[in-house]
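Read the figures in this text as sums done on the coordinates, not as results from a lab. As the structure is a prediction and not an experimental result, all values here were calculated from the model.
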Amino acid sequence: MTQANTKLLTPSQSDLEQAADILRAGGLVAFPTETVYGLGADAGHDTAVAEIFAAKGRPAFNPLIAHLPDASMAAQIAVMTPMADRLASAFWPGALTLVLRLRDAARVSKLVTAGQDSIALRVPDHPVAQGLLQAFGGPVAAPSANPSGRISPTTAAHVLDGLGGQIAAVVDGGACGVGVESTIIDARGDAPVLLRAGGIPAEAITDCLGQPPITGTTTGAPIAPGQLSSHYAPQGRVRLNVTAPKTGEVMLGFGPIPGDLTLSASGDLMEAAANLFARLHDLDAMGATHIAVAPVPDHGLGRAINDRLRRAAVPR
Ligand code: TXA
Ligand code: MG
């Protein structure tokens with residue numbers, strides 16, 4: 001396929017119907033969510049889900065998030081615990097993914113769950129994602145719409161850059177507002193387990209439940225892509241917590257520490273999260289071989305940003 005084989009769709013109702021038809025036919029459609037662009041497939045269609053792994057070149061042991069139009073569909077697919085109900089009413093639709101026990105009768109491909117008896121579910125809060133999920137009427141498996149190991153896409157151009165020609169369509173809904181992936185909470189037990197820091201700060205989970213989430217271990221579970229060291233990496237070598245770059249380094253600034261480019265000149269963590277992947281893409285586009293990154297405060301969304309920056313900095 002050439003890039004031209006990937007259809008660029010608009011968020012119009014007729015284009016969303018077309019996108020839903022492509023999903024029904026087993027095709028892949030990238031679409032915007034409030035976090036990052038997702039690479040969608042019918043979650044009940046084995047070969048379509050397999051196509052996701054093929055298009056991304058993703059290691060097959062990573063389970064995928066199933067996206068739903070509303071919380072009532074979640075209860076049909078998985079067992080909602082009291083904790084899950086509280087989190088869902090507080091944060092859905094939104095940047096929260098819940099890991100729950102899969103119902104035996106659920107029509108979901110084993111490739112989505114990596115053969116486990118648990119499933120990750122999310123109800124996204126983006127009008128285009130909502131429109132597509134409603135037009136489709138079922139769960140859509142969607143990892144971030146980037147080749148495995150590359151930076152997550154926050155614009156349709158990023159998607160085409162990485163996957164153009166390999167997927168049937170991309171719905172262009174502009175830039176993603178949150179810019180980092182969803183927070184993942186395992187809500188199966190009595191205590192919340194944080195599996196991935198993301199768009200909903202851990203502090204907000206604590207406020208909702210009255211107890212802080214435990215940081216997840218991967219006992220018995222397949223490792224999450226977020227735990228693969230180079231998952232968020234640009235091409236260049238990354239050095240963190242730098243206040244003064246060395247000769248030859250391209251500097252990514254934050255707040256008072258200026259750079260060749262910046263996550264947020266005003267030191268706004270929301271803005272930095274929304275810019276993060278775009279700036280990493282920019283560094284790749286500049287051909288940066290050595291990258292220095294200014295310190296980012298480790299609270300609120302800063303935790304998710306630092307988590308991703310640390311992965312980007314792991315030597316490869
Ligand atoms: O914001 C997001 O979450 C984006 C947008 C597109 O919704 N999606 C996303 O998907 O980041 P992906 O596939 O890149 O990340 C899925 C994460 C992985 O860390 C995976 O291991 C975890 O969800 N996951 C999925 N199913 C799981 C399960 N049953 N148990 C534990 N972790 C699971
Ligand atoms: Mg990803």
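When the Kirkwood hydrodynamic radius is evaluated over all pairs of different C-alpha atoms of the chain, what value in angstrom, to one decimal, is obtained? Mind dumping the intermediate values first?
Working: mean 1/r = 0.0511 Å⁻¹.
Result for the chain, one decimal place: 19.6 Å.
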Query - Most mobile listed residue (48, 90, 202) in the chain, GNM with C-alpha springs under 10 Å - result: 90
Report summary line: Rg/Rh of the range 36-138 (Cα atoms, Kirkwood Rh), to two decimals, equals 0.94
Query raised in the report: Once the principal axes of the Cα atoms of the range 233-313 are found, what is the range along each, listed largest first in whole angstroms?
Result: 31, 22, 17
Query - Largest-first principal axis extents, alpha carbons of the range 135-216, Å - result: 46, 27, 22
Requested in this report: Among the lysines, select those whose C-alpha is under 26 Å from the C-alpha of residue 110, and discard any that sit fewer than 8 residues away in the same chain.
Outcome: 56
Query - Kirkwood Rh in Å, taken over all unlike Cα pairs in the range 83-165 - result: 14.7 Å
Report task. Once you've got the GNM for the chain with C-alpha springs shorter than 10 Å, pick whichever of 292, 197, 43 has the biggest mean-square fluctuation. Result -> 292
Requested in this report: Using amide H atoms built 1.01 Å from N in the peptide plane, name the residues 5+ places from residue 97, or on other chains, whose amide H lies under 5 Å from its own.
Outcome: 183, 184, 185
Report summary line: Under 5 Å from the placed amide H of residue 262, counting only residues 5+ away or on other chains, we find 253
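Which percentage, to the nearest 5, of the DSSP beta bridges contained in the chain is antiparallel?
Working: 19 of 41 bridges.
Within the chain, antiparallel bridges account for around 45 percent of the total.
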Query raised in the report: For the range 27-90, what's the radius of gyration and Dmax over Cα atoms, in angstrom?
Result: 13.7, 37
Query raised in the report: Considering amide H positions built from the backbone, and no H for Pro or chain starts, which residues 5 or more places from residue 118, or on another chain, come under 5 Å of its amide H?
Result: 102
